[in-house]
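The values are calculated or read from the model by the stated rules, or taken from the named source; none is laboratory data. These figures come from a predicted structure and were not determined experimentally. Using ideal geometry, Cβ is built from the backbone for each residue, glycine included, and neighbour counts are taken over all protein chains shown. What goes into the accessible areas is simple: the full protein's heavy atoms, side chains included, and nothing from ligands, DNA or RNA. Shrake-Rupley method; radii C 1.70, N 1.55, O 1.52, S 1.80 Å.
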Amino acid sequence: MHRRDLLRLAALSPLLAAAGGAIAAEAPGPIDLMPKFWQAYDDTRDASDRAQALAATFFSEHAEVYAGAGLKPTPERLGKWLPDFDAMAGQVRKLSAGFGRHYRRHVRHFQVEFPDFRRERAPIYLMPSLFGFDGHLRPWQGKLPLFIGIDGIVRYHGADANLSVFLDHESFHLYHAQVLPDLIVDDDPPVYGSLWSEGIATYVSERLNPDASLLQVLLDDRKLAQADAATVRDLAAGLLKVLDSVAPDDSNRYFSAGHKGPEPARGGYLVGLILARRIGRDLPLAQLPQVPTPKVRLLLEQHLAELAQGAAA
């Protein structure tokens, strides 16, 4: 989850905190818009203006959901998206058809580890995102839904994307917001907040999917998965210097996929994973998200200093 999405959660933190202590209800299934999309997609194949036809049918019918996700599916945007989407439509169709099986498996093992997760307060919408996102958390209608763009998953992670890893990572962000909202209530959270949030989400997805590769756990970032010990040391040293910074440039340097610089983009995810592994040696998985923020800050600084000195990851 991007830093800007974490900021949006602050507005819902009192609600999420109140929900955190209750017993989780039976997990509702995802709200799947894909069957209606595929019907409209197939019905408009021979339309003289396919983008306009799709906009007037499927996207018009679900305009409220798209507004909730922060997307504007205009005919112009659809016209740019369709050629690339057509080329992968078969892969997207296959992935969306099998989503329910992956989701049920995810719910079973996630709720075992985190039984107090209030999933009914975090509905999931399955939809084409016009490549706008793979997973996107955004407060809407008094809840915190997860919008999943199946086309975005195929584009950014491939047709064989590990959906279990992806769902565990995104669901943990939702759960973490419920049990420890003070980590994200600041309008300008420090770097250490993002480091812990992304690190522990990545670590949880690794622990719940022991057969997943490091590449899959790092959400298919090949350069990050191949980072050597020297890179980890340099990243740790850099993060240590800006741990309390609230400057957007510092956050983007370590957590933005679009970062261009000597450091690998999203290096904070890798270092955060390593830190969570180290801290997790002494704590059960279910206790990690409940570590108080002041202690989190102290532990991160301690372990970053060791990594910056060349300690083994």
Worksheet item: On the given criteria, is Phe110 under 18 Å from His176 (Cβ atoms) and not in a helix (DSSP H, G or I)?
Response: no
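Yes or no, residue by residue, for (1) under 21 Å from the mean Cα position of the chain (by Cα); (2) among the charged types (D, E, K, R); (3) modelled with pLDDT under 95; (4) crowded, with 19+ Cβ neighbours inside 10 Å:
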| residue | (1), (2), (3), (4) |
| --- | --- |
| Leu183 | yes, no, yes, yes |
| Asp187 | yes, yes, yes, no |
| Gly193 | yes, no, yes, yes |
| Tyr203 | yes, no, no, yes |
| Glu206 | yes, yes, no, yes |
| Asp211 | yes, yes, no, no |
| Ala229 | no, no, no, no |
| Val232 | no, no, no, yes |
| Asp244 | no, yes, no, no |
Worksheet item: Of all residues in region 66-81, which are touching a Lys or Arg at 6+ places or on another chain (Cβ under 9 Å) and closer than 28 Å to Val165 by Cα?
Response: Tyr66, Gly68, Ala69, Gly70, Leu71
Discussion item. Step by step: first the residues of region 213-227, then only those that are among the small types (Gly, Ala, Ser) and outside any helix (DSSP H, G or I), then the one that is most open to solvent (accessible area, probe 1.4 Å). Which residue is that?
Written reply: Ser213
Item to complete: Within region 184-206, count every residue that is touching a helix residue (DSSP H, G or I) at 6+ places or on another chain (Cβ under 6 Å) and in a helix (DSSP H, G or I).
Response: 15
Worksheet item: Is at least one residue of region 48-64 closer than 27 Å to Ala161 by Cα and touching a His at 6+ places or on another chain (Cβ under 8 Å)?
Response: no
Discussion item. Asp249 - would you say it is under 21 Å from the mean Cα position of the chain (by Cα), assigned to a helix (DSSP H, G or I), without any contact (Cβ under 8 Å) to a residue 12 or more places away in the chain and under 29 Å from Gln178 (Cα atoms)?
Written reply: yes
Worksheet item: Looking at region 27-59, which of the residues that are in a loop (DSSP other than H, G, I, E, B) and among the polar types (S, T, N, Q) is most open to solvent (accessible area, probe 1.4 Å)?
Response: Ser48
